[in-house]
Amino acid sequence: MIKAVCFLALFSFGLISCQTEKSRSQYPVTVGDIEFDEKLDDPAFKKCTPEKLISVQYYQGSKEFGYKGEKWAIIEKLEKEKISSETKKNGYITVRFLVNCEGKTGLFRVQQMNADLTVTVLDKELGDRLLRFTKSLDGWIPKEIKGFKVGYYQYLTYKIENGKVSEVLP
């Protein structure tokens, strides 16, 4: 009887263990990883690390802003573009993306929030214009860890006041 109970317990644990292993594989390696989406992403964009390795998040590694000319260069370029909206709404539009070890960008994702930080579509056209602007930025600097260039996630949050970008975060 004891052998039967032990066998049943081990057999049940084996089934649970196998099912747990399968469910883990559906999640990204690291929380926040952006998975390739053939409807949104450029198939020519390549990550520098194999899929099993992580890309560095924006808060890891060096504390400098990884863009030539720093954030001021982005702000100057944005001011020249004069991107705005007729809707006069307030909120935030965040564009998150991956910078690979060559300084090229891809896997762009956009999230819009109102002034109360509730996820919503603040202004689709403005979001599309800011996405195109962010994609046009070509001065991203690869990060290095122990002498190796690595890809990293970056984001730009555009604060919108009365339909105009009033601030670029971080």
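Please give the residues of segment 114-158, grouped as numeric ranges, whose backbone N is less than 11 Å from a label point set 7 Å along the Cα-to-Cβ vector of F65.
The answer is 156-157, whose backbone nitrogens lie closer than 11 Å to the label point.
Report the gain in length on full extension from Y155 to L131: 0.36 nm times residue separation, minus Cα-Cα distance, nm rounded to one decimal.
Length gained between Y155 and L131: 7.5 nm.
Could you check the spin-label model distance between E167 and E38? Points 7 Å from the Cα along Cα→Cβ, value in nm.
Between E167 and E38, the simple spin-label model gives 4.2 nm.
Quick one: which of K47/K77; K47/K80; K89/K135; K82/K159; K68/K149; K39/K146 span more than 25 angstrom between C-alpha atoms?
K47/K77; K47/K80; K39/K146
What distance in nm separates the two pseudo spin-label positions at N90 and T120, each 7 Å out from Cα along the beta-carbon direction?
1.2 nm
Assuming a ≥ b ≥ c are the square roots of the Cα gyration tensor eigenvalues, decide whether segment 88-170 counts as rounded (a/c under 1.5), prolate (otherwise, with a/b larger than b/c) or oblate. Each step should come with its number before you reach the end.
Details: a/c = 2.71, a/b = 2.39, b/c = 1.14.
Verdict is prolate for segment 88-170.
Here, each number is a calculation from the coordinates, and none is a lab measurement. On a predicted model such as this, the values are computed, not experimentally measured, just so you know. Note that we place each Cβ from the backbone using ideal geometry, even for glycine, and neighbour counts take in every protein chain shown.
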